[in-house]
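Working notes, beginning with the structure itself.
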Amino acid sequence: MRLFFILLLIPIILMSCSKQKKETALENCADSYFLDHRKRLYSIETHYKNDPTYISTKNLIDNMKKSSDSLTDEIQQLYRKYKKEYPSPSDKSWEIKRPEMTDPKYFQKNSNMVDFKLYDEAKAKYEKNVEIAKKKYNEELWKWERKQKNIVYEKEKERNDLDKRIKETQYELPRIIYSLVDKKFILLTLKDKSNISLYIDIYTGCESSYNETPSAFLLEWNK
């Protein structure tokens, strides 16, 4: 009789162990994918806004933004001052009067006929002067812009470096939240985890993988 009960218990124990292995593997699978999922950021309430590290990082970003805005104001003031003291070449008139065929001076004497030779000479001179004026204008504009750029260069470089630091520091905010979420998550029981909709979705996916290849799944996740 005793042997009969032992033989009866063996399948039950084996089934229980098998079930435990499956549940452990499923939880390991779901935990791993959850902790690597970008959407977990706000999946658990962490009160991150009260976290000292988050607060100090946020304050640092806000202060840097104020400094960047201040530098922008300084740069704009330097631009306005420069333009006032040194008007842009584009504000000057480079207009050259174009010869008109209807101008009386191009008509032959005592005639209504146009002196085309005289007109063509005037037109050629006009086109040459236009090219000279354009070249001079471009040279002066380049010098003007170059000088303007040199005046604001240091301030712009300082602001650009600061904006780069702001962007890099902003990446720290979600990292802090992720860290808080992960620290809280690893302390949860499976029952607590089941209240997280994202975790349930991932767990369901792990179950599908288990049903497709149970042995391979257990080999990978039952650690």
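Just one of (1) hydrophobic (A, V, I, L, M, F, W, C); (2) without any contact (Cβ under 8 Å) to a residue 24 or more places away in the chain; (3) not in a helix (DSSP H, G or I) fails for I96. It is (2).
Close contacts from the range 194-223, counting a first residue that is basic (K, R) and a second that is part of a helix (DSSP H, G or I), with Cβ to Cβ under 7 Å and a gap of 6+ residues or different chains, come to K223/N28.
Residues checked against (1) under 30 Å from K184 (Cα atoms); (2) of a type in the set (G, A, S); (3) surrounded by 13 or more Cβ atoms within 10 Å (Cβ to Cβ):
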site: T57; (1), (2), (3): yes, no, yes
site: M64; (1), (2), (3): no, no, yes
site: S70; (1), (2), (3): no, yes, no
site: S90; (1), (2), (3): no, yes, no
site: T102; (1), (2), (3): no, no, no
site: S111; (1), (2), (3): no, yes, no
site: D115; (1), (2), (3): no, no, yes
site: L118; (1), (2), (3): no, no, yes
site: E131; (1), (2), (3): no, no, no
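Taken as a whole, the range 78-88 holds at least one residue that is outside any helix (DSSP H, G or I), assigned by TED's automatic domain parsing to the domain that holds K164, touching a residue at least 60 places away in the same chain (Cβ under 8 Å) and of a type outside the set (K, R). Provide a single number: the residues in the range 181-213 that are basic (K, R) and exposed (fewer than 13 other Cβ atoms within 10 Å of the Cβ). Residues in the range 181-213 being basic (K, R) and exposed (fewer than 13 other Cβ atoms within 10 Å of the Cβ): 2 in total.
The values are calculated or read from the model by the stated rules, or taken from the named source; none is laboratory data. The shown structure was predicted, so the numbers you read here are calculated from the model rather than taken from an experiment. Positions of Cβ are backbone-derived with ideal geometry, glycine not excepted, and every protein chain shown enters the neighbour counts.
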